[in-house]
Amino acid sequence: MAGNSISIEPMSGAIGAEILGIDLASPITDQMIEEIRKAQLDHFVVFFRDQDITPQQHLAFAKRFGEVLEYPLVKGLEDIPQIAPVIKLAHETVNFGGVWHSDTAYLPEPPKATMLVARELPPYGGDTMFANMYKAYETLSDGLKSMLEGLRAVNSTEKADASATREDRLKTSATAAASEEIASAHPVVRTHPETGRKLLYVNAGHTTRFENMTVEESAPLLNYLFQHQIQPEFTCRFRWQPGSIAFWDNRAAQHNPINDYHGFKRVMHRVTLAGDAPS
Ligand code: OGA
Ligand code: MN
């Protein structure tokens, strides 16, 4: 494969690009890492196809972009705890993370990015959708933008729709931390630390209420924002194949894995990269 020139093909008008011309099982130059990082900042989620990498190579590739975190609630692979298996078994009905969300937004410092490698796929279905949170912010009215400015919202591990999606895994693989609620308040309008652009930072999976307000008081406006931020024009949908990898900016993008492959198993390997406290 040609040494040091990758190409980038946008996938929709709002978000997502495929990166072509790279073999992640061969040595990757610093320049390639920089081009991938820039593509992720420009397109919010980037995809690779037809890659044949081991879990060790997955971890090593992710480490080129930052410090790797462990998923707080479910144990990682026995030999590589930084890789969290994301599994739905054939008899299960709920898929892990099967709601619109930003990963682990309940942490004080949520991850900046997530790299997901397909390991075992159903014969059809199991696509993942992504949505552009800059666009979600920019398309609000000036009145709502200024109302949201300065507001903070609480994100919790205990929001029912998302916590239900973890239950099957928690039965056998819960970490010690999984038994306690983890919650953090973050700005509703967040400034991306690398691009300096503002984005909408609430999500249906984890955001429970505005700070200093009740769940009931918060619900009408939060529910409006949850609907607004995932409209089709802000999204793309990725069809996984063996060897596919998705690598998303967990600040600029939200995602939602579609639960439409009942009766089949799906296994992904997930690595997250440390991020900063939202501001
Ligand atoms: C995740 C997640 C999406 C998928 O790993 O954080 O939401 O497609 N997974 O399985
Ligand atoms: Mn997720």
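None of the figures in this text is laboratory data; all of them are computed from the coordinates on show. Because the structure is a prediction, the values reported are computed rather than measured. Neighbour counts are summed over all protein chains in view; Cβ atoms, including those assigned to glycine, are modelled from backbone coordinates with ideal geometry.
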*asked:* Check which residues have an amide H placed less than 5 Å from residue 275's amide H, if you skip close sequence neighbours.
replied: 112
*Sort the following peptides by mean Cβ neighbour count (other Cβ atoms within 10 Å, averaged over residues), highest first: 251-257, 113-119.*
251-257, 113-119
_With θ taken as phi - 60° and the coefficients 6.51, -1.76 and 1.60, list the Karplus ³J(HN,Hα) couplings across segment 207-224 in order, rounded to whole Hz; mark glycine and proline as x._
7, 9, 6, 6, 4, 6, 10, 7, 4, 5, 5, 7, 4, x, 6, 4, 5, 4
_Can you give me the C-alpha center-to-center distance between segment 148-176 and segment 202-229, rounded to a whole angstrom?_
14 Å
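Once every DSSP H run of n ≥ 4 in the chain is given -39500 (n - 2.57) and the sum is divided by its residues, what mean residue ellipticity at 222 nm do you get, rounded to the nearest 500 deg cm²/dmol? Walk me through the numbers on the way to the answer.
On the way: 6 runs with 64 residues, N = 279.
Helices in the chain give a 222 nm mean residue ellipticity of -7000 deg cm²/dmol.
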*asked:* Per residue of segment 169-186, what does 6.51 cos²θ - 1.76 cosθ + 1.60 with θ = phi - 60° give for ³J(HN,Hα)? Whole Hz please, x for Gly and Pro, Karplus curve as stated.
replied: 6, 5, 4, 10, 10, 5, 7, 4, 5, 5, 7, 10, 5, 10, 9, 8, 8, 9
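In percent, what relative contact order does segment 7-273 have, based on Cα pairs under 8 Å that are 6 or more apart in sequence? Present the calculation step by step, with values, prior to reporting the outcome.
On the way: 573 pairs, mean separation 98.7, N = 267.
Averaging sequence separation for qualifying contacts and normalising by length gives 37 percent for segment 7-273.
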